[in-house]
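Report on the structure given below.
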Amino acid sequence: MALSLALSCGQIVSEPGCGKDSDCASGSSCVLRNCVPRIKGTTQAWSLELVPKGESMLVTTERQSVAFGTTPVELRVERKAKVEGQVEGLSAMDASMNAAQTMRVLVSIPSVIGRGERQFEAEAARAAGDQGPLRFTAYVPESAIGQAAKVSLFPSAPLDQVLPVWTTSLTTLGPTLITTVPTKSNELWMIEGVLQDELEQPPAIAYLARAMLGDRLVSNVSKTDSQGRFKLKVPNDPVNGINLDLVKVELTPADPAAVEPRLRADVSAAKPNLGILRLPPRPKPQVLDVPVSPMGKTTKIPGVTLRFTATLEGAFGAKASLVREFQTDRDGMAHVTLLPGAAGQTLDYAVTVVPPLNSEFAARCFQGYAVASVAAGQSRVAASIEVVNKLEVSGKITSADGAGQAGVIITAVRQSVTGPQDCGVEVLAAPASVTTGLDGSYRLLLDPGRYRFEYEPPMGNASAFSVEPDVLVEKSLFQRTVKLPGGVLATGLVSSPAGDGVNGCEVRVFSRPMEGQSPDLRARTRTGADGRFSIVLPKSP
C-alpha cells in the first residue's frame, strides 16, 4: 500500500531513491524516496496534539496517550463547542465609559499533555445602543464542556480605570456563562495612597498606579488626581493565587516621554492604605549622545536597543528608579535623555544592550554607566558602549550511517546565561534557527549561555527528531558533528467527528509529561487529502 505524507516547506526529496515499498528491504517502506524501517514489536505510547487548519470548525485536540504500533492508529479531531457568555453589573459605570466598554476574555482549561493551560480568547462587547450586559462568544473543544475551567476578564481602556482584572473559577464549564463585575466589599481589597513630589506637593504630571503580583496585573489602572490621590481595586481572591502581602504597587508617569522616576511600594494586607508616597529629589534631565560600537572599533551599529536603569535615593514610602529605553539611529548613535547625578557627582546606570534581530553581535548587560551634568559649551557625546561578537557554532548534521543530512531545522533555545552577570539580569535572546545545507553543514551565531538544541529532519527522512537538552556555549564551537538517531515509521488516520478524513491537519508527537517538566516535541507531520499520515518516530519514547 502506498503511504501518503503531506509536503512541508523546505522539504528535501533525494534523488535517486526508492520508488515503491518493494525497492526497500523487508520491514521498511518507501516514503518520499527514502526507505524507512516500519515500527514493530512493542508499541510506543506518546502524547499527541492535532492541529487542524484554522479556518475549520475543528479545534486543536490533545490526547494524553496514543499507542503507535504496526497497524495504523485512528485519531479523531474535536469539533469546536460554543460558549456564550455575558458580563453583568456594569450599569453603575460612569456614563462616559458606556460606549467604549469592552473586555478581553480568556477561557482557560488544563492541558492533558502537561503543557500548562490552554487558552481560548474572545471579546466581550455590546451592540450600538445596547445598555445591557457585555456579551461574548468563545469556542473551546467539546471535551471542555462539563469540565473545570477558569474565565479571566481584562477590561479595555477606559474601563480598566475603574475595574480590575479578575478571574472566575468554574467547577463545570457549560455552554452558557454569566459573570458579574466584582463590586462588593467582600469581593475587593481597596489599596489607596497619595503621591507627592519632593516639595510635598502633587506631581506636576499625572502618574498611573497599578497593583502587580510578579509580572501580572491584578488591579485597575488608576490615574492620580489633582491632589495626587489614587485608588486601586484588587479581587479578594486567594483561590486564584492573589496574596495581598505579595502584591506591589507600581507608579509610573502617564506620559512615557517624561524623564521622571517610577515608584514601587510594598502592600500589606493588614494596612492596604499606603499613606503618602514621595518622589525623590533630582536634578534636571541631561541630553546626551551615546555611540554604540563593536569592541575595539570606531564604527557604529544602528538599530541597537539600550535600556538604562538607575536606583534613585531619597524617596519616601517606596523605592524609586528611572527606567528609559532608546535605540541607536542609522549612524549608530542613541540620543538619550537621562537624569545625571547631583551637583559634582554621577548617577550610575545599569544598561541592557540588545542588538537587532539576526545581528552578529551579542546582547549584554553591565553596571556602572556613569552620567554627570554637562556644562554649557561642553560636548554632549557620552562614553561609547561596546558590544562583542556572538559565538559561532558550526559543523555538520549526519544520519546514523554518517551521510550529511540536508534540510534539518536546527533550533537553539538559550536556557541560561553563563558567566557573571554584571546586572544580575539574564538577557535571553530569541531562539536561533537555521536549516542545514545540501551536505548537512550548518552555522549558528549565538550569545554565550546554556542551550537546548533541537534537530528536526525534513518529513519523509529516515532520521528521527532529536534533542540535546544542555549544550554549553562559552566559546566558539567549530566542526561540531551531530549524528541523528534512526527512526521508525508509523502511520495513521485523522478524521472529523463525522468520520471524514481531515486534510492538512498537523500531527505533533510529544514525550509523555513527567513531574516538573514540560513535554518535548519529538516528531510532527501533516495529513494528506484523505486524512492519512506517515510519521517517523524515535525508536523509543
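Things to note:
- Hey, residue 483 closer than 30 Å to residue 391 by Cβ, touching a Leu at 6+ places or on another chain (Cβ under 9 Å) and among the basic types (Lys, Arg) or not: no
Residue-by-condition table, conditions (1) under 14 Å from residue 459 (Cβ atoms); (2) touching a helix residue (DSSP H, G or I) at 6+ places or on another chain (Cβ under 6 Å); (3) not in a strand (DSSP E or B):
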| position | (1), (2), (3) |
| --- | --- |
| 504 | yes, no, yes |
| 509 | yes, no, no |
| 512 | no, no, yes |
| 519 | no, no, yes |
| 523 | yes, no, no |
| 529 | no, no, yes |
| 534 | yes, no, no |
| 537 | yes, no, no |
| 540 | no, no, yes |
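- Looking across region 39-65 at every residue that is out of contact with any Pro (no Cβ under 8 Å at 6 or more places or on another chain) and hydroxyl-bearing (Ser, Thr, Tyr), the one that is nearest to residue 496 (Cα to Cα) is identified as 56.
- Considering residues of region 416-438 that are surrounded by 14 or more Cβ atoms within 10 Å (Cβ to Cβ) and outside any loop (DSSP other than H, G, I, E, B) only, the residue modelled with the lowest pLDDT: 432
- Residues in region 163-180 that are surrounded by 19 or more Cβ atoms within 10 Å (Cβ to Cβ) and not in a strand (DSSP E or B): 163, 164, 165, 173.
- Hey, residue 434 of a type in the set (Val, Ile, Thr) and closer than 25 Å to residue 406 by Cβ or not: yes
- Residue match in region 516-527 (condition: assigned by TED's automatic domain parsing to the domain that holds residue 58, crowded, with 18+ Cβ neighbours inside 10 Å and more than 27 Å from residue 442 (Cα to Cα)): yes
- Residue match in region 88-104 (condition: at pLDDT 95 or above, closer than 22 Å to residue 170 by Cβ, part of a strand (DSSP E or B) and not assigned by TED's automatic domain parsing to the domain that holds residue 501): yes
- For region 324-336, a residue qualifies if it is within 30 Å of the chain's Cα centre (by Cα) and either assigned to a loop (DSSP other than H, G, I, E, B) or of a type in the set (Ser, Thr, Tyr) (or both), and the qualifying residues are 328, 329, 330, 332.
- Selection of region 242-265 for residues being in contact (Cβ under 8 Å) with a residue 40 or more places away in the chain and either polar (S, T, N, Q) or assigned to a strand (DSSP E or B) (or both) yields 249, 250, 251, 252, 253, 262, 263, 264, 265.
- Odd one out for residue 400 among (1) over 30 Å from residue 464 (Cβ atoms); (2) of a type outside the set (D, E, K, R); (3) surrounded by fewer than 16 Cβ atoms within 10 Å (Cβ to Cβ): (1)
- Test: residue in region 241-262 that is charged (D, E, K, R), touching a Pro at 6+ places or on another chain (Cβ under 6 Å) and modelled with pLDDT of 95 or more: yes
- In this structure, residue 492 does not qualify as free of Cβ contacts under 8 Å to residues at least 40 places away in the same chain, touching a Lys or Arg at 6+ places or on another chain (Cβ under 9 Å) and under 25 Å from residue 79 (Cα atoms).
The values are calculated or read from the model by the stated rules, or taken from the named source; none is laboratory data. Given the structure is predicted, the values throughout are model-derived calculations rather than measurements. Neighbour counts are summed over all protein chains in view; Cβ atoms, including those assigned to glycine, are modelled from backbone coordinates with ideal geometry.
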